There are 2 protein chains.
Amino acid sequence: MKILVSNDDGISSPGIWALADALKKIGEVTVVAPLTEQSAVGHAITMKYPLRVTEYYKDGEFFGYAVDGTPADCIKMGVRNILQQTPDIVISGINLGSNAAINIIYSGTVSAAREAAIMDIPAIAVSVTSHNAKHFEFAARYAGELAEMVVKNGIPNGTLLNLNVPDLPEEQIKGILVTQQGKTKWDDIYQERNDPYGNKYFWLTGNLIETDNSLEADHFALKNDYVSVTPIHFDLTDYKTYETMKSWNLETSFKKS
Amino acid sequence: MKILVSNDDGISSPGIWALADALKKIGEVTVVAPLTEQSAVGHAITMKYPLRVTEYYKDGEFFGYAVDGTPADCIKMGVRNILQQTPDIVISGINLGSNAAINIIYSGTVSAAREAAIMDIPAIAVSVTSHNAKHFEFAARYAGELAEMVVKNGIPNGTLLNLNVPDLPEEQIKGILVTQQGKTKWDDIYQERNDPYGNKYFWLTGNLIETDNSLEADHFALKNDYVSVTPIHFDLTDYKTYETMKSWNLETSFKKS
């Protein structure tokens, strides 16, 4: 199994080290990851600036390729220019911090996997629930097992799996659930401060509004110590509203020729 | 009607000027837009750096607020700190260049509108199909008419409308269609070059693979000189695969306590 590995925390994150090490036991791993941290970068791609690729060494050994761009850039560059062939699967992570509910929208980790899905390559995004994660071992091994299931069972073109793992010892995890994207979201607050020159600036902070209360929702499953696996896709059409809007009279003041 | 206006081309783009001018005829307009161009920035938000807000003047008159962040940042900042109340609608644009099919994923214009949808505020993203757009007038006026329809008819919380308008005189436009996100996507190519110091760098380029052939697809409707209105949402769950995956044995090597 040829595996392309990326992330959004950057190539020097312990999350991607743990993931690459575990995956090397089950396949041929190529790492192409951002040179610097790219959290909350969403599905940004770099078009106005050129990209550079450098070789990254860890403990004196070649580990992978670093790209001075976004997670989505890394997948494009990895497939087109570095591998120059389609891998069997792309795995992005391990992210430090969960990517569930609304955070899927902002996540660079997920966007790397989504970029693969756009290229019709099966993909998995993997995150552990703590920003100071201590338990990568099970998450890394399970990402590999899920990859084997994906390659064996197949998933539709354009679909990716969003895997989130509680930051717990394996024996404290309650089980593994297929879930849906939850409705939990942020109540944003900007903290107002003054810089040393008296100018105002704002830091984004906020509180989670936790509206999910079923184990079918990714965020709630994680809160209850379950591993969450959510199939997501990039067809954003709201088909229900598409049908409703057919009865709108859209051509108001429009002057047809 | 209280209208919050943003975009991704930046506050000094003629697209947002045309939009704001047209909307002032039908409502109370507040402009909060990126200080600099943010194309292809996706749904990035700024967390690692603080944001600053400056007043932007055009032809000696106050035009709006410039934020040194992303389109999504502008919506959060606009609603929470500048308006300090929920507008009736958010309108993002007018983008120079269409945001249809796969480009919805990369678009900063759409992400501004999506950020509003996340906040349960109705929203419209509006783009004209040319990077050297000449015909803003109808697009700007029609965005306003669509806004009035949205406020009158309602759209579900979490849904936004992605409006794309051909860059043509109004009388050459064939009609207005409710559409779905098309399947057209990019075949990426990185151009390899050397900098003046002999170091390699890569520019992202590519060709469109135009697989859409029905007027139900946004990209094809635009190619055939129709205005395209696509209802999109941010629930990324692939419900079909969610059902399929329930028959997978996910708990492989997992050791339940």
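A short reminder: the numbers here are calculations on the coordinates, not readings from a lab. Note that this is a predicted model, so its numbers are computed, not measured. Glycine also receives a Cβ, built like all others from the backbone with ideal geometry; neighbour counts cover every protein chain displayed.
Towards the positive end of the charge dipole of the stretch B:60-195, with charges on Cβ (+1 Lys, Arg; -1 Asp, Glu), say which of B:Thr109, B:Val178, B:Phe62 has the farthest Cα.
B:Val178
Relative contact order of the stretch A:140-251, please, whole-number percent, based on alpha carbon pairs below 8 angstrom and at least 6 residues apart.
34 percent
Compute the label-point distances linking A:Pro14 to its equivalents in the other copies; points lie 7 Å from Cα along Cα→Cβ; give nm, one decimal, shortest first.
Going from nearest to farthest copy, the values are 5.5 nm.
Amide H to amide H under 5 Å from A:Phe63: which residues, 5+ apart in sequence or cross-chain, H placed 1.01 Å off N in plane?
A:Tyr56, A:Tyr57, A:Lys58
So the label point sits 7 Å from Cα along the Cα-to-Cβ vector; using that for A:Tyr49, what distances do you get to the other copies, in nanometres, sorted shortest first?
0.9
On full extension of the chain, what length is gained from B:Tyr239 through B:Glu148, given 0.36 nm per residue of separation minus the C-alpha to C-alpha distance?
Numbers: separation 91, 0.36 × 91 = 32.76 nm, distance 3.23 nm.
The span from B:Tyr239 to B:Glu148 would gain 29.5 nm if fully extended.
Loop-only check: which chymotrypsin sites (Phe, Trp or Tyr not before Pro) in the stretch A:163-229 are DSSP coil with at most 13 other Cβ within 10 angstrom?
A:Tyr197
Within a 10 angstrom radius of each residue's Cβ in A:179-187, how many Cβ atoms of other chains show up on average? Whole number is fine.
Whole-number average of other-chain Cβ neighbours for A:179-187 is 3.
Could you pull out every one of the aspartates and glutamates with an alpha carbon less than 16 Å from that of B:Lys48, ignoring same-chain neighbours closer than 8 positions?
Filter leaves A:Asp8, A:Asp9, A:Glu37, A:Asp188, A:Glu192, A:Asp195, B:Asp68, B:Asp73.
What value, in deg cm²/dmol to 500, does the helix sum -39500 (n - 2.57) over DSSP H runs of n ≥ 4 give at 222 nm once divided by the residues of chain B?
Calculated from helices alone, the mean residue ellipticity at 222 nm is -7000 deg cm²/dmol.
Which chain B residue hugs the B-A rotation axis most tightly by its Cβ, and what is that distance in angstrom, to the nearest whole number?
Value returned for chain B: B:Gly42, 2.
Whole angstrom only: what separates the Cα centroid of the stretch A:132-153 from the Cα centroid of the stretch A:20-57?
18 Å
What are the ³J(HN,Hα) values, in whole Hz, obtained from phi via the Karplus relation 6.51 cos²θ - 1.76 cosθ + 1.60 with θ = phi - 60°, for each residue of the stretch A:219-229 in sequence order, with x given for Gly and Pro?
4, 6, 4, 5, 4, 9, 6, 9, 6, 10, 10
Per 0.36 nm of contour for each residue apart, how much would the distance between A:Phe254 and A:Lys48 grow if the chain were fully extended, relative to their Cα-Cα spacing? Present the calculation step by step, with values, prior to reporting the outcome.
Working: separation 206, 0.36 × 206 = 74.16 nm, distance 3.63 nm.
Between A:Phe254 and A:Lys48, full extension yields an extra 70.5 nm.
Give me the dipole magnitude in Debye, nearest 20, for the stretch A:3-149 about the Cα centre, with unit charges on the beta carbon: positive for Lys and Arg, negative for Asp and Glu.
Around 220 debye, computed over the stretch A:3-149.
Hydropathy at least -1.0 by Kyte-Doolittle, axial extent at least 20 angstrom from the Cα trace: which helices of chain B, defined as entire DSSP H runs, fit?
B:137-153
For B:Gln172 and B:Glu192, compute 0.36 nm times the residue count separating them, minus their Cα-Cα distance, and round to one decimal in nm. Walk me through the numbers before you get to the answer.
Values: separation 20, 0.36 × 20 = 7.20 nm, distance 4.07 nm.
Between B:Gln172 and B:Glu192, full extension yields 3.1 nm more.
Please grab the % of Cα pairs in the stretch A:1-85 that end up more than 17 Å from each other.
43 percent
If you take each beta carbon of peptide B:243-254 and count the beta carbons of other chains within 10 angstrom, what is the mean?
Per residue, the number of nearby Cβ atoms from other chains is 6 on average.
Each residue of the stretch A:119-124 in turn: what ³J(HN,Hα) in whole Hz from Karplus with 6.51, -1.76, 1.60 and θ = phi - 60°, glycine and Pro shown as x?
7, 6, 9, x, 8, 10
Among the aspartates and glutamates, which have Cα under 15 Å from the Cα of A:Lys185 when same-chain residues fewer than 8 positions away are ignored?
A:Glu210, A:Asp212, A:Asp218, B:Glu115, B:Asp120, B:Asp235
Can you pull the mean other chain C-beta count within 10 Å for peptide B:152-162?
If you average over the peptide's residues, the count of other-chain Cβ atoms is 3.
Where a Cα-Cα gap under 22 Å defines reach, which lysines qualify for B:Lys240, not counting those fewer than 8 residues away within the same chain?
Straight-line reach from B:Lys240, under 22 Å: A:Lys152, A:Lys183, A:Lys240, B:Lys183.
For the stretch A:73-80, what does the Karplus curve 6.51 cos²θ - 1.76 cosθ + 1.60, with θ = phi - 60°, yield as ³J(HN,Hα) per residue in whole Hz, taken in order and with x for Gly and Pro?
4, 4, 5, 4, 5, x, 6, 6
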